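The values are calculated or read from the model by the stated rules, or taken from the named source; none is laboratory data. These numbers were taken from a predicted model, which means no experiment stands behind them. Neighbour counts are summed over all protein chains in view; Cβ atoms, including those assigned to glycine, are modelled from backbone coordinates with ideal geometry. Please note that ligands, DNA and RNA were not included when accessible areas were found on the heavy atoms of the full protein model with its side chains. Shrake-Rupley method; radii C 1.70, N 1.55, O 1.52, S 1.80 Å.
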Amino acid sequence: MDDLSPSDLKTILHSKRANMYYLEHCRVMQKDGRVLYLAEAKRENLYFNIPIANTTVLLLGTGTSITQAAMRMLSQAGVLVGFCGGGGTPLHMATEVEWFTPQSEYRPTEYLQGWLSFWFDDQKRLDAARTFQLARLSYLKQVWQASRELKLEGFDVAELAGALDTFVARTDKASKPADLLLTEAQLTKALYKHAANRTQKNGFKRQHEADDLANRFLNHGNYLAYGLAASCLWVLGIPHGFAVMHGKTRRGALVFDAADLIKDAIVLPWAFICAKENATEQEFRQQVLQAFIEHKAMDFMFNTIKAIALQDDADDEMTEPQR
């Protein structure tokens with residue numbers, strides 16, 4: 001491993017990488033040319049390998065530490081590293097995950113340039129936000145219709161047809177981001193109600209600081225989605241501040257925009273299902289990460305954001321006269 005160049009550690013595209021790790025109560029280090037995490041047992045120390053070339057995000061929770069040598073190798077492999085609270089979510093809900101992004105290389109510029117080409121135009125930014133929302137709905141339909149497990153749990157897109165049609169109509173008519181946020185809130189409320197009914201969680205209320213399993217799993221799963229979103233935006237070189245929906249006053253708002261593409265489709269139903277089954281946080285996390293892989297969440301996120309970033313180029317190609 002010591003003889004490998006940084007490019008050798010990036011042969012697997014980020015959109016195709018299989019692993020996302022959350023670690024707690026351990027020490028991350030470099031040993032024998034590999035990145036390992038050390039968990040102390042009563043009689044011996046246990047070392048576990050982290051396949052950094054096939055990893056997108058490393059979340060470090062409570063009781064963790066990391067060495068400089070390990071950070072260097074993670075940087076070479078292009079792994080995004082974040083510090084967070086217990087269970088993958090902040091200890092205090094006002095606290096943000098702090099992301100450490102590799103700084104040892106140039107980032108691509110075409111997607112940033114494409115993003116900025118429309119971002120300062122209010123109407124084009126609204127159009128991009130609308131595209132995000134419609135893509136989010138398309139992905140939800142795709143996942144729920146393809147997932148046999150969700151169908152067995154009663155998650156049926158057909159039963160939400162009215163709410164989904166209303167969402168599309170209001171999204172098309174939205175004249176400002178606030179309209180989209182209101183429409184999004186109404187759709188999310190309908191999805192929560194559908195999920196609560198299917199999992200016998202009648203009377204459920206979404207509260208970020210509530211201690212019931214469904215709310216805790218929603219918080220946890222959302223932060224996993226934020227990790228994928230932050231990694232995707234970093235790879236494409238688009239700063240997190242150039243949001244299209246969540247407002248210009250929130251530093252990482254574009255992360256929230258991107259994470260919304262996959263949260264309703266995967267995190268929301270599995271949070272309720274795992275809460276009904278009284279699953280542990282680890283079991284819930286494994287289920288969500290497996291669903292991310294099975295339904296190619298990272299691929300979908302990359303393709304959607306790249307398409308929005310390069311939309312003006314595509315329009316120019318269509319309108320350019322033939323020679």
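May I ask you to verify whether TYR139 is crowded, with 18+ Cβ neighbours inside 10 Å and modelled with pLDDT of 95 or more? When the stated conditions are applied, TYR139 passes them. Please work out if TRP115 is under 22 Å from the mean Cα position of the chain (by Cα), within 24 Å of PHE292 (Cα to Cα) and among the aromatic types (Phe, Trp, Tyr). When the stated conditions are applied, TRP115 does not pass them.
Confirm whether ALA146 is under 26 Å from TRP270 (Cβ atoms) and free of Cβ contacts under 8 Å to residues at least 40 places away in the same chain. No; evaluated as a whole, the condition is false for this residue. Scanning the range 204-241 for residues that are over 27 Å from SER15 (Cα atoms) and of a type in the set (Phe, Trp, Tyr) turns up just one, PHE204. Tallying residues that are at positive phi and touching a helix residue (DSSP H, G or I) at 6+ places or on another chain (Cβ under 7 Å) within the range 192-206 yields 1.
Can you give me the number of residues within the range 231-246 that are farther than 24 Å from TYR21 by Cα and either open to solvent by less than 30 Å² (accessible area, probe 1.4 Å) or touching a Leu at 6+ places or on another chain (Cβ under 6 Å) (or both)? Result for the range 231-246: 4.
In the range 269-297, the residues that are over 12 Å from LEU224 (Cβ atoms) form Cβ pairs under 6 Å with partners that are among the small types (Gly, Ala, Ser) and open to solvent by less than 30 Å² (accessible area, probe 1.4 Å), at six or more places apart or across chains, as follows: PRO269/ALA195; PHE272/ALA195; PHE272/ALA214; ALA275/ALA214.
Against the numbered list (1) under 30 Å from GLY61 (Cα atoms); (2) outside any helix (DSSP H, G or I), ALA230 comes up short only at (2).
Matching residues to (1) out of contact with any helix residue (DSSP H, G or I) (no Cβ under 8 Å at 6 or more places or on another chain); (2) at pLDDT 90 or above; (3) under 21 Å from CYS274 (Cβ atoms); (4) open to solvent by 40 Å² or more (accessible area, probe 1.4 Å):
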| site | (1), (2), (3), (4) |
| --- | --- |
| PHE167 | no, yes, no, no |
| THR183 | no, yes, no, no |
| LEU187 | no, yes, no, no |
| HIS208 | no, no, yes, yes |
| ALA225 | no, yes, yes, no |
| ALA229 | no, yes, no, no |
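Looking at the range 240-256, is at least one residue among the hydroxyl-bearing types (Ser, Thr, Tyr) and closer than 23 Å to ILE293 by Cβ? Within the range 240-256 (the criterion being among the hydroxyl-bearing types (Ser, Thr, Tyr) and closer than 23 Å to ILE293 by Cβ), the answer is no, since none of the residues qualifies. When restricted to residues that are open to solvent by 10 Å² or more (accessible area, probe 1.4 Å), under 17 Å from THR11 (Cβ atoms) and assigned to a strand (DSSP E or B), the range 32-87 contains 1. If I ask for residues that are aromatic (Phe, Trp, Tyr) and under 22 Å from GLY227 (Cβ atoms), which ones from the range 34-73 would you list? Within the range 34-73, TYR37, PHE48 meet the criteria. Of all residue pairs spaced 6 or more apart or on separate chains, those with beta-carbon atoms under 8 Å, a first member in the range 193-204 that is closer than 17 Å to ALA163 by Cβ and a second member that is open to solvent by 50 Å² or more (accessible area, probe 1.4 Å) and not charged (D, E, K, R) are ALA196/ASN202; ALA196/GLY203.
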